[in-house]
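The values are calculated or read from the model by the stated rules, or taken from the named source; none is laboratory data. None of these values were measured; they are calculated from a predicted model. All Cβ positions, even for glycine, are placed from backbone atoms using ideal geometry, and neighbour counts span all protein chains on display.
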Amino acid sequence: MYQEKATVLENKKITSQCYMLQLRAKNIAREAQPGQFLHIRISNKNQKPFLRRPFAVHNTENKNEFSLLYKMRGETTKLMRELKKGDKIDVIGPLGSGFNPSHEAQKYVLVAGGIGLAPLFFLAKKLADDKKEVIFVCGAGTKNELLCAKELSQIKIKPVLATDDGSRGIKGSVNDLLNNYLTKNRKDKIEVFAAGPGMMLKEAARICKKAGVRLEVSMDEIMACGVGVCLGCAVKTKNGYKLACKDGPVFKAEDIVWA
Ligand SMILES: Cc1cc2nc3c(=O)[nH]c(=O)nc-3n(C[C@H](O)[C@H](O)[C@H](O)COP(=O)(O)OP(=O)(O)OC[C@H]3O[C@@H](n4cnc5c(N)ncnc54)[C@H](O)[C@@H]3O)c2cc1C
Ligand code: FES
C-alpha cells in the first residue's frame, strides 16, 4: 500500500454522468490488481469533504499510469470533475483483495451493471492478455449511459449489451443475459465475475447458484477509513462479518449472506 501524489494526465467526459480520470503514480500503477481500489482525498479550501472516497482501479496503462472511471454523486466527484492536466491528488492504494480467476475455466463471464464496469475492465484486459475467452456483459439505463464499448473493442472483446429501455442490446437486465448464457452453455466450465448495484449482485448470485457456477462479486459498500479500522464496511458472510475494505471488496458470492 502506498500514499502518493498522483498527477492528473487527462480527465475526460464519457457520458452525461461519467468521467475517465487518467493519473500517473508509479508505485500504485505497478502494484494494482483487478478488483482492488484506491482511496482518494480531494477537498475544497474548507477541507471538505474530510473523508477519502474509494474508487476501483479501472485500468493500468503502463507501469506508471492508471485510470479511474467515476460517476457523479456528491462532493468528491464534483471536485474530481474539475481536475485539470498537471493537478495532483492524494491517493492511497492499491487496497483490498481483488478478483481471483482460476486457471481451469474455459470461459470467463464478466457482468457489469452501470459503473460496475469500472473494476471489470481491468480484469477483462488481464484475461484477454492471457488469451482467455471473455464474455463481457454490460448494462445501463439507456444506450447513452453504456460505458467503454470502444475500449473493449480495442482489447478485442465485443460486449453483450442490455438496456432498460431497449435502445441498445436486449431490453432487459444484465442478469437476463447472464441467465440465457449459462443456460445455453451448460456444458462449459464457466466462471462469473460481477460488479454493480447490490440487488443486481444478489440476483446474479441466485442465477449462478442455480447453474452451479462459481461467482465472485465486488461489493460496493460505503467506506470511511478504507483500511480495516472503523468497521464501517462490514459485510455479513457465512463465516461472520468481514470488512469490504480489507477482506474484499471482492468476495465469493456463495460466502455472502444476502440481505
Ligand atoms: C470498493 C469500491 C469501489 C468503488 N469504485 C467506484 C468507481 O470505480 N467509480 C465510481 O464512480 N464509484 C465507485 N465507488 C463508489 C464511490 O466511492 C462513491 O460513489 C463515493 O461516495 C462518491 O463520493 P462523493 O463524495 O462524490 O459522493 P458522496 O457524497 O460520498 O455520496 C453521494 C451519495 O451517494 C451515496 N453513496 C456513497 N457511496 C455509495 C456506495 N458505495 N454505494 C451506493 N451509494 C453510495 C451516499 O449515501 C450519498 O447519498 C466505489 C465504492 C467502493 C466501496
Ligand atoms: S472502511 Fe473502515 S473498516 Fe472498512
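Summary of computed values
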item: Boolean, GLY74 is more than 8 Å from ligand 1 (Cβ to nearest atom) and touching a residue at least 12 places away in the same chain (Cβ under 8 Å); result: no
item: Among (1) touching a helix residue (DSSP H, G or I) at 6+ places or on another chain (Cβ under 7 Å); (2) at pLDDT below 95; (3) in a helix (DSSP H, G or I) - the single one LEU147 does not satisfy; result: (3)
item: Sole residue being within 25 Å of GLU203 (Cβ to Cβ), assigned by TED's automatic domain parsing to the domain that holds ALA195 and more than 14 Å from the chain's Cα centre (by Cα), chosen from LEU120, LEU127; result: LEU127
item: Near pairs, Cβ below 7 angstrom, 6+ apart or cross-chain, from region 113-128 (assigned to a strand (DSSP E or B)) to any residue that is surrounded by fewer than 24 Cβ atoms within 10 Å (Cβ to Cβ); result: GLY113/PRO197; GLY113/MET200
item: Test result for ASN100, within 16 Å of ligand 1 (Cβ to nearest atom), surrounded by fewer than 19 Cβ atoms within 10 Å (Cβ to Cβ), under 18 Å from LEU127 (Cβ atoms) and under 18 Å from the mean Cα position of the chain (by Cα); result: yes
item: Filter result for GLU191 (in contact with a strand residue (DSSP E or B) (Cβ under 6 Å, 6 or more places away or on another chain) and either of a type outside the set (A, V, I, L, M) or away from ligand 2 (no atom under 13 Å from the Cβ) (or both)); result: yes
item: Candidates ALA105, ALA128, ALA140, filtered to the one that is buried (at least 16 other Cβ atoms within 10 Å of the Cβ) and in contact with a helix residue (DSSP H, G or I) (Cβ under 7 Å, 6 or more places away or on another chain); result: ALA140
item: Flag if ILE170 is within 15 Å of the chain's Cα centre (by Cα) and surrounded by fewer than 16 Cβ atoms within 10 Å (Cβ to Cβ); result: no
item: Residue count for region 221-234, restricted to those that are surrounded by 20 or more Cβ atoms within 10 Å (Cβ to Cβ) and more than 17 Å from GLN3 (Cβ to Cβ); result: 1
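Conditions (1) closer than 16 Å to GLY98 by Cβ; (2) among the aliphatic types (A, V, I, L, M); (3) within 16 Å of ligand 2 (Cβ to nearest atom), marked per residue:
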{"residue": "MET200", "(1), (2), (3)": "no, yes, no"}
{"residue": "ALA205", "(1), (2), (3)": "no, yes, no"}
{"residue": "ALA224", "(1), (2), (3)": "no, yes, yes"}
{"residue": "VAL229", "(1), (2), (3)": "no, yes, yes"}
{"residue": "ALA234", "(1), (2), (3)": "no, yes, yes"}
{"residue": "ALA244", "(1), (2), (3)": "yes, yes, yes"}
{"residue": "VAL257", "(1), (2), (3)": "no, yes, no"}
